[in-house]
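These notes concern the structure reproduced below.
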Amino acid sequence: MSTVLEPTKLVPYHQVLDENGKVVNRDLMPKLSDDQLRELMRRMVFTRILDQRAIRLSRQGRLGFYAPVAGQEASMIGSEYATQKEDFILPGYRDVPQLIFHGWPLYQWVLFSRGHQHGMEMPKDVNALFPQIIIGAQYVETAGVALAFKLRGEKRVAITYTGDGGTSQGDFYEGINFAGAFHVPAVFIVQNNQFAISVPVRLQTAAETLAQKAIAAGIPGVQVDGNDILAVYAVTKQAVDRARAGDGPTLIETLTFRFGPHTMSGDDPTRYRTKELENEWERKDPLVRFRKFLEAKELWSEADEEKTVEEAKEAFNQAVKKADEYPKMTIPGLIDSMFEVLPASLKRQREEYTGKEEA
Amino acid sequence: MAQMTMIQAINNALDLELGRDPNVLVFGEDVGKNGGVFRATDGLQAKYGANRVFDTPLAESGIGGLAVGLAIQGFRPVAEIQFFGFVFEVMDQIAGQASRLRYRTSSRFQCPVVFRSPFGGGVKTPEMHADSLEGLFVQTPGVRVVIPSNPYDAKGLLISAIRDNDPVIFLEHMKLYRSMRMEVPEEAYTVPLDQAKVVREGKDLTVIAYGAMVHTALKAAEELAKTKGVQAEVIDLRSVNPIDIDTIVASIKKTHRAVVVQEAQRQAGAAAEIIAQINEHAIYHLEGPVLRVTPPDTVYPFAQIEDEWIPTPQRVLDGMNRALTV
Ligand SMILES: Cc1ncc(C[n+]2csc(CCOP(=O)(O)OP(=O)(O)O)c2C)c(N)n1
Ligand SMILES: [Mg+2]
């Protein structure tokens with residue numbers, strides 16, 4: 001008998017632009033106006049500058065927790081751009097840019113980073129959760145958010161993010177399986193940046209792609225060049241449209257790379273990845289590629305770049321200033337945030353702290 | 001003897017046990033090449049190979065299940081949960097499976113697994129990293145919970161934990177990893193898993209603590225001695241499951257008053273259990289109620305106010321003064 005047990009790769013891979021900004025797949029080219037194309041570039045440059053500023057502030061000891069994003073801008077910005085304001089984002093700890101462009105005020109991000117609970121509080125009109133720390137938790141919750149949209153007949157989509165490492169969690173499988181079983185309007189993004197802290201993706205799984213994990217859940221899974229913002233946008237847009245139309249969830253794996261350390265809390269990438277690998281990915285920089293594409297169409301200039309850089313610096317400075325001035329967290333405030341109706345036991349505990357404050 | 005930090009003492013204990021017993025395995029997220037996010041396993045993969053010290057996929061439940069399965073087959077896994085706030089992901093494998101393997105199989109199988117995990121506040125981690133969740137396992141029959149307060153104990157307790165034939169949760173307070181050095185023998189030695197230690201003698205008041213709170217309690221005790229001439233006896237529990245009530249009772253028979261200090265929230269934690277046991281074993285030796293110094297019953301707060309939330313030496317001192325007067 002012939003062997004029937006062969007691992008298979010069953011998912012397509014998509015790219016629109018190659019590393020030099022040349023169009024390699026006209027069919028997938030999204031219909032975006034010149035202004036929209038410029039906006040994508042603006043957002044990526046803005047994000048790159050925020051990242052640099054955050055890293056700098058962090059090194060000065062003036063920020064708190066921060067997970068750098070440089071290298072992943074196309075995956076982040078391209079996918080968020082495919083959503084609408086009423087769509088709901090469930091992000092991981094690195095997914096700050098998507099939140100910012102979905103409406104999370106910058107100063108709240110700074111508060112979040114500095115460990116102020118009000119950083120996690122989303123303004124009423126912002127359809128998103130704070131960055132999730134527990135890897136995988138947001139994937140299962142996404143099935144719930146999306147089911148709510150379906151039950152209420154709302155034409156809204158839930159979109160969530162995790163990393164390559166996150167696909168190993170039980171919650172990952174439960175999330176995509178529930179979403180498939182309930183046929184809900186959800187989009188699951190996996191940003192495969194090749195490493196989970198120090199662990200390379202080949203140690204996470206024997207699966208050739210992460211997108212193929214969708215097959216077992218009975219939902220479409222696709223792999224996309226995560227440093228090609230047009231491909232990320234185009235594929236996510238199809239998934240979002242499909243979800244909105246009531247046709248069910250999709251899993252998208254974006255192939256990308258984080259240029260910086262895992263977080264600013266002492267990670268040293270030289271312990272687990274080579275300079276050659278870093279150089280290889282630097283050549284695929286999502287900003288460089290898209291800039292070349294736009295410059296060839298005369299849609300982006302040096303002046304545009306400079307203007308965006310200045311805007312980003314200014315926005316970041318304002319955000320830090322506002323966060324600096326924001327009232328500090330207090331223990332009574334913390335206690336008050338535990339319940340809608342504070343139990344007597346907690347009221348008593350609260351008094352121990354208010355007395356002290358007034359003294 | 002060598003001067004070691006707690007992280008070095010832990011690394012050293014793992015190194016010695018890997019060298020001594022080929023059945024000892026070390027695994028978890030980032031423990032291999034990276035040597036752990038705190039470097040607790042630094043150099044061990046290079047020394048013992050990737051069959052004995054290895055990275056796992058990112059899944060705590062998987063890590064727990066792998067450990068239990070290997071233990072069933074006679075290995076002695078030392079599994080790292082990268083931060084103890086992620087223990088909820090592996091709750092069933094620890095509290096539901098590992099803890100009852102011996103009982104279920106009448107000792108046909110046993111579960112000599114050590115779950116090592118950093119925890120504890122004061123180092124500005126993101127959410128779900130610093131929480132003191134030991135109380136959950138004070139209420140879990142079938143597991144031991146060990147919490148060292150210094151490098152010497154860390155090494156001796158970890159070696160005991162690895163050699164013990166039942167599951168041990170070994171909690172490493174992040175703030176203690178590098179904050180102190182002490183003389184630690186280079187060779188292997190053990191510290192018993194169920195014995196508290198009197199770390200400061202006194203006749204007027206007993207203070208019971210564990211983990212980083214031992215140091216907070218010691219500071220408060222010095223202050224009390226200096227300002228009031230009152231001598232507090234400080235007990236480092238070292239294990240919160242089981243609790244060494246004998247050492248506590250012996251102290252209370254001398255002092256007649258007691259305070260329990262814990263970094264975990266107030267309700268139903270280790271301190272509550274300690275006080276219940278004191279009531280059962282020593283109530284007639286007490287001259288006043290046993291008090292608790294703990295944070296309030298909120299989630300572990302976001303980093304900005306953690307230093308205020310965690311009991312400070314001043315709060316402990318206030319608690320001691322109250323215990324002396326009520
Ligand atoms: C449940 C859980 N386990 C472990 C961690 C610790 N941790 C934080 S990030 C990380 C690696 C995640 O890698 P990946 O999913 O690839 O995302 P990336 O950081 O690369 O964006 C780990 C192990 C966590 N936050 N939550
Ligand atoms: Mg990753």
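Quick one: dipole size for the protein assembly as shown, taken about the Cα centre, charges +1 on Lys/Arg Cβ and -1 on Asp/Glu Cβ, in debye to the nearest 20.
500 debye
Which of B:Gly74, B:Gly49, B:Gly62 moves the most in a Gaussian network model of chain B with Cα springs under 10 Å?
Answer for the Gaussian network model of chain B: B:Gly49.
If the elastic network links every pair of Cα atoms under 10 Å, which of B:Tyr300, B:Tyr177, B:Tyr48 fluctuates the most in the Gaussian network model of chain B?
Largest GNM mean-square fluctuation: B:Tyr48.
Over chain B, what is the relative contact order in whole percent, taking alpha-carbon pairs under 8 Å and six or more residues apart?
Dividing the mean separation by the residue count of chain B yields 17 percent.
Rounded, prolate or oblate, given the Cα gyration tensor of the stretch A:1-42, with a/c below 1.5 counting as rounded?
prolate
Hey, any idea what % of the protein assembly as shown's accessible area is carbon plus sulfur with a 1.4 Å probe?
51 percent
Which cross-chain or sequence-distant (5 or more) residues have an amide H under 5 Å from the amide H of A:Ile159, H modelled 1.01 Å from N in plane?
Counting only residues 5 or more places away or on other chains, the set is A:Phe88, A:Ile89, A:Leu90, A:Val187.
Mind jotting down the distance between the C-alpha centroids of the stretch A:191-235 and the stretch B:247-276, whole Å?
The two parts, judged by their Cα centres, are 51 Å apart.
Between B:Gly85, B:Gly96, B:Gly43, find the one with the highest GNM mean-square fluctuation for chain B; connect C-alpha pairs within less than 10 Å.
B:Gly96
Charges on Cβ only, +1 for Lys and Arg, -1 for Asp and Glu, centred on the Cα centroid of the protein assembly as shown; of B:Gly211, A:Leu50, A:Tyr107, which one is farthest towards the dipole's positive end?
My answer, from the dipole projection, is B:Gly211.
Dipole of the stretch A:300-347 (Lys/Arg Cβ +1, Asp/Glu Cβ -1, origin at the Cα centre): which of A:Ile335, A:Leu346, A:Ala323 lies farthest to the positive side?
A:Leu346
Whenever you get a sec, line up B:Leu158, B:Leu70 from highest to lowest accessible area (probe 1.4 Å, protein heavy atoms).
The ordering from most to least exposed comes out as B:Leu70, B:Leu158.
Rg/Rh for the protein assembly as shown to two decimals, with Rh computed the Kirkwood way over all alpha-carbon pairs.
In the protein assembly as shown, Rg relative to Rh is 1.00.
Give the cross-link partners of A:Lys321 among the lysines, using a straight C-alpha distance below 26 Å as the criterion and excluding same-chain residues fewer than 8 apart.
Those lysines meeting the cut-off are A:Lys124, A:Lys307, A:Lys313, B:Lys124.
Residue by residue through the stretch A:329-336, which ³J(HN,Hα) values in whole Hz follow from phi under the Karplus form 6.51 cos²θ - 1.76 cosθ + 1.60 (θ = phi - 60°), with glycine and proline marked x?
Those phi angles translate into 5, 10, 5, x, x, 4, 4, 4 Hz.
Counting only other chains, and only Cβ atoms inside 10 Å, what mean value do you get across the residues of A:265-276?
2
GluC sites (Glu not before Pro), restricted to the stretch A:1-86: which are DSSP loop and have at most 14 other Cβ atoms within 10 Å?
Answer by residue number: A:Glu86.
Exceeding 22 Å between C-alpha atoms, which entries from my cross-link table qualify? They are B:Lys226/B:Lys253; B:Lys155/B:Lys253; A:Lys22/A:Lys297.
Listed pairs above 22 Å: B:Lys226/B:Lys253; B:Lys155/B:Lys253.
Would you grab the residues whose amide H sits under 5 Å from the one on B:Glu233? Only those 5+ places off in sequence or on another chain, please, with H modelled 1.01 Å from N.
B:Gly202, B:Asp204, B:Leu205, B:Thr206, B:Val207
Once A and B are treated as a pair rather than alone, how much accessible area drops out, both sides summed, in Å² to 100, probe 1.4 Å?
By this definition, chains A and B bury close to 3200 Å².
If the reach is capped at under 17 angstrom between alpha carbons, list the lysines near B:Lys254, excluding any in the same chain fewer than eight residues apart.
B:Lys197, B:Lys203
Would you calculate the volume per residue, in Å³, of the smallest convex hull containing every Cα atom of the stretch A:269-341?
Hull volume normalised by residue count: 225 Å³.
Would you kindly find the accessible area of A:Asp225, with a 1.4 Å probe and non-protein molecules such as ligands, DNA and RNA excluded, rounding to the nearest 10 Å²?
Near enough 10 Å² of accessible area.
Using helices alone, what [θ] at 222 nm do you get for chain B, with -39,500 (n - 2.57) per DSSP H run of 4 or more residues, divided over all residues and rounded to the nearest 500?
Dividing the helical sum by the residues of chain B leaves -10000 deg cm²/dmol.
Ignoring everything but the protein chains, give the 1.4 Å probe accessible area of A:Lys22 in square angstrom, nearest 10.
My reading of the accessible area for A:Lys22 is about 130 Å².
To the nearest 20 debye, what charge dipole does chain A have about its Cα centre, counting +1 at the Cβ of each Lys and Arg and -1 at the Cβ of each Asp and Glu?
The calculated dipole for chain A is roughly 220 debye.
Starting from the residue with the highest accessible area, list B:Asp246, B:Asp297, A:Asp164, A:Asp27 in decreasing order, probe 1.4 Å.
A:Asp27, B:Asp246, B:Asp297, A:Asp164
Run the dipole for chain B about the Cα centre, Lys and Arg Cβ at +1, Asp and Glu Cβ at -1, nothing else charged, and hand back the magnitude in debye, nearest 20.
460 debye
Apply 1/(1 + (r/R0)^6) to the Cβ-Cβ distance of B:Thr312 and A:Ala148, taking R0 = 45 Å, and write down the FRET efficiency to the nearest 0.05.
Efficiency at R0 = 45 Å is approximately 0.55.
What chymotrypsin sites (Phe, Trp or Tyr not before Pro) in the stretch A:290-359 are in a loop by DSSP, with at most 14 other Cβ atoms within 10 Å of the Cβ?
Sparse-neighbourhood loop chymotrypsin sites (Phe, Trp or Tyr not before Pro): A:Phe339.
Residue by residue through the stretch A:108-118, which ³J(HN,Hα) values in whole Hz follow from phi under the Karplus form 6.51 cos²θ - 1.76 cosθ + 1.60 (θ = phi - 60°), with glycine and proline marked x?
6, 4, 5, 4, 4, 4, 7, x, 9, 4, 5
Output ³J(HN,Hα) for the stretch A:305-317: one whole-Hz value per residue in order, computed from phi by the Karplus curve 6.51 cos²θ - 1.76 cosθ + 1.60 with θ = phi - 60°, and x for Gly and Pro.
Once rounded to whole Hz, the list reads 4, 4, 4, 5, 4, 5, 4, 5, 4, 5, 4, 5, 4.
How big is D for the stretch B:208-315, in µm² s⁻¹ as a whole number, if Stokes-Einstein is applied with the Kirkwood radius of its Cα pairs at 20 °C and 1.002 mPa s?
149 µm²/s
List the lysines whose alpha-carbon lies under 16 Å from that of A:Lys155, not counting same-chain residues fewer than 8 positions away?
The reachable lysines, counting only those whose Cα sits under 16 Å from A:Lys155, are A:Lys85, A:Lys237.
Would you please name the GluC sites (Glu not before Pro) within the stretch B:148-255 that are DSSP coil residues with at most 15 other C-beta atoms within 10 Å of their C-beta?
Counting only loop positions with at most 15 other Cβ atoms within 10 Å, the GluC sites (Glu not before Pro) in the stretch B:148-255 are B:Glu186, B:Glu187, B:Glu201.
Tell me which of B:Val78, B:Val123, B:Gly65 sits at the most positive position along the dipole axis of chain B, charges placed on C-beta atoms (Lys, Arg +1; Asp, Glu -1).
Projecting each Cα onto the dipole axis, the largest value belongs to B:Val78.
Roughly what would the spin-label model give for A:Tyr326 and B:Leu286, points 7 Å off Cα along C-beta, in nm?
The modelled label-to-label distance comes out at 4.3 nm.
As a test of reading the structure, rank A:Phe88, A:Phe149 by solvent-accessible area (1.4 Å probe, protein chains only), most first.
Output order, biggest surface exposure first: A:Phe88, A:Phe149.
The values are calculated or read from the model by the stated rules, or taken from the named source; none is laboratory data. None of these values were measured; they are calculated from a predicted model. In this analysis, Cβ positions are derived from the backbone assuming ideal geometry, glycine residues included, and neighbour counts consider all displayed protein chains. Just so you know, the surface numbers come from the protein's heavy atoms only, side chains and all, with ligands and any DNA or RNA stripped out. Shrake-Rupley method; radii C 1.70, N 1.55, O 1.52, S 1.80 Å.
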